[in-house]
Amino acid sequence: FNAADHARVPLDLASYGYVEEEFFLTGFANVYAEDDGTLAVERSAVPYTNRILVRHPAKANKASGVVVVDIYNASTGYDIEDMWRRLYANILANGHTYVGVTSKPLNVDALYNFAAGRYEDLSWIDDDACTYQPAVFFDAEGKVVPNAAWQEIGCTETGLAWDIITQTGNALRDPEAGREILGGIKVRSMFLVGQSQSSLYLNTYVNNFHLPVQQSVGENVWDGYLSAAGNWMERPLNDAEGGASGLVIVDGPETPVDVDVPWISVDTEGDVSLFPKKALLPRELDADARVWQIPGTSHTYSMSPVVPATTELVKAGRPPRTFPTVY
C-alpha cells in the first residue's frame, strides 16, 4: 500500500535513482497516561508489529544522509502520506530518504483489507482475550457511515504509537538494523514530521516524550521536528482518555516544552478555522522553536498526484476518491 507506482499519477522512483522497500518492525510498547501532570506507565510491554515504507537513493553514496520520518495521517482511515505529497520533489532532488510510519490501528485495518496475506502479521492489539472486530465504513446500502474514519478499533490501542515512534527512530539509527533498512546510508540527521492529525501526534510526542526519551537513551533520537497544520493541539495519550470516538483533540500546554532541537510549526489560514481557540494565541517560544502562519492556503489537497490511486483505496475497504476536493 502507498507504492509510488500505484499513485494517482504513477511515480517511477527508479528513474530518480531511488528504491522503495517495506519493512515490518516488531517490539514492545508501553501505554502511557497522565498522572498529576507527569507521565505514567499504565500498561507495559504490549507486543506489536508495525510497518514502515522506505524510499532512499539506490546508491548509498548518492544519499544526503537526511532522513525524513513521516507519521502517516489517519484522518480517512488509511495511511495518508501527507508530508510525502508536500516534500517528495525536494526529497528526490536532494537525495534525502523518506520513511513513512503506520500510526493507528484503523490504518492497520485498511492494510488487512488491502492484502490480508501480506499484512496479517501486523498488530496493535493489546487484549488477546478480545475478538477483533474490523472497521465498518459502509452501511447495508453501501453508503459511507458518518465519521467512519474516527472510529476506534476494539482490542487495539492507539497509545502504542509513542513507543513505536521512538523505537522506529532507534532502529533507523542502529548500525546493523539501520544499514539494512536504509540500504547502507549513514544517517547524518533525522527529522520527525507530521501533518494535521499526525501533527497532533507530533505535538503530543514532543511535549510528552522528547525529554524522557532523551534522558532514557542518553541522546536525542530526533534532530528536529516539523509540525504542519496542527497548531498547538494534541491527542490523548491513550484511547481510554479519548473515549469511544477517535475524534478527540485536546489542548497542548500554553508554553510548549523547551526542546534542544529545532521545532518548526506551520499553520495555514485554513487551520485557523479548525482550531479557532488556539490558532492565533501568542506563545512564548524557546530559541529553537519557530511558527510560520501562512495566509490564503488550504489545509490539504486530496488530488495531489502522489496520493494512492482510487483503486488502491477501494482495495483497502475505504471510500473512493471521486472528485477534486480542497480541505
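Looking only at residues of the stretch 227-282 that are basic (Lys, Arg) and either open to solvent by less than 50 Å² (accessible area, probe 1.4 Å) or touching a helix residue (DSSP H, G or I) at 6+ places or on another chain (Cβ under 6 Å) (or both), we find that the one that is farthest from HIS210 (Cα to Cα) is LYS278. Got a sec? Which of VAL193, VAL206 is at pLDDT 95 or above, part of a helix (DSSP H, G or I) and under 17 Å from the mean Cα position of the chain (by Cα)? VAL206 is the lone residue from the list that is at pLDDT 95 or above, part of a helix (DSSP H, G or I) and under 17 Å from the mean Cα position of the chain (by Cα). Taken together, the residues in the stretch 266-312 that are assigned to a loop (DSSP other than H, G, I, E, B), polar (S, T, N, Q) and out of contact with any Pro (no Cβ under 9 Å at 6 or more places or on another chain) amount to 4. Tell me which of these GLY65 doesn't satisfy, since it passes every other one: (1) surrounded by fewer than 21 Cβ atoms within 10 Å (Cβ to Cβ); (2) within 29 Å of ARG43 (Cα to Cα). That leaves (2) as the condition not met. Going by the structure shown, is ILE52 closer than 15 Å to ALA7 by Cβ, β-branched (Val, Ile, Thr) and either modelled with pLDDT of 95 or more or surrounded by 22 or more Cβ atoms within 10 Å (Cβ to Cβ) (or both)? Taking the combined requirement at face value, the residue does not satisfy it. Look at GLY230 and say whether it is in a loop (DSSP other than H, G, I, E, B), within 20 Å of the chain's Cα centre (by Cα) and among the small types (Gly, Ala, Ser). Here the answer is yes, as GLY230 does meet what is asked. Here the stretch 36-49 is the region considered, the condition is being among the small types (Gly, Ala, Ser) and either over 27 Å from TYR112 (Cα atoms) or under 13 Å from the mean Cα position of the chain (by Cα) (or both), and the residue that is surrounded by the most Cβ atoms within 10 Å (Cβ to Cβ) is ALA40. Just so you know, in the stretch 114-155 the residues that are free of Cβ contacts under 8 Å to residues at least 40 places away in the same chain and charged (D, E, K, R) include one that is surrounded by the fewest Cβ atoms within 10 Å (Cβ to Cβ), and it is GLU141.
Open to solvent by 20 Å² or more (accessible area, probe 1.4 Å), farther than 23 Å from ILE164 by Cα and not in a helix (DSSP H, G or I), is that true of SER75? First the steps, then the outcome.
Numbers: open to solvent by 20 Å² or more (accessible area, probe 1.4 Å): yes; farther than 23 Å from ILE164 by Cα: no; not in a helix (DSSP H, G or I): yes.
No: the conditions fail for SER75.
Scanning the stretch 89-113 for residues that are part of a helix (DSSP H, G or I) and either open to solvent by less than 50 Å² (accessible area, probe 1.4 Å) or among the basic types (Lys, Arg) (or both) returns ILE91, LEU92, PRO105, LEU106, ASN107, VAL108, ASP109, ALA110, LEU111.
Would you call LEU202 open to solvent by less than 50 Å² (accessible area, probe 1.4 Å) and within 16 Å of VAL66 (Cα to Cα)?
no
For the stretch 283-325, the set of residues classified as at pLDDT below 90, open to solvent by 100 Å² or more (accessible area, probe 1.4 Å), under 23 Å from the mean Cα position of the chain (by Cα) and more than 26 Å from PRO256 (Cβ to Cβ) consists of TYR301 only. Can you find a residue that is in contact with a strand residue (DSSP E or B) (Cβ under 6 Å, 6 or more places away or on another chain), open to solvent by less than 50 Å² (accessible area, probe 1.4 Å), of a type outside the set (Asp, Glu) and closer than 29 Å to SER298 by Cα anywhere in the stretch 182-192? Looking for residues that are in contact with a strand residue (DSSP E or B) (Cβ under 6 Å, 6 or more places away or on another chain), open to solvent by less than 50 Å² (accessible area, probe 1.4 Å), of a type outside the set (Asp, Glu) and closer than 29 Å to SER298 by Cα, one finds at least one in the stretch 182-192, hence yes.
The values are calculated or read from the model by the stated rules, or taken from the named source; none is laboratory data. Every value quoted in this text rests on a predicted model; they were computed, and no experiment measured them. Because the Cβ atoms are built from the backbone with ideal geometry, glycine has one as well, and the counts that use them run over all protein chains shown. Each accessible area value is taken on the protein alone, full model and side chains, heavy atoms only, with ligands, DNA and RNA left out. Shrake-Rupley method; radii C 1.70, N 1.55, O 1.52, S 1.80 Å.
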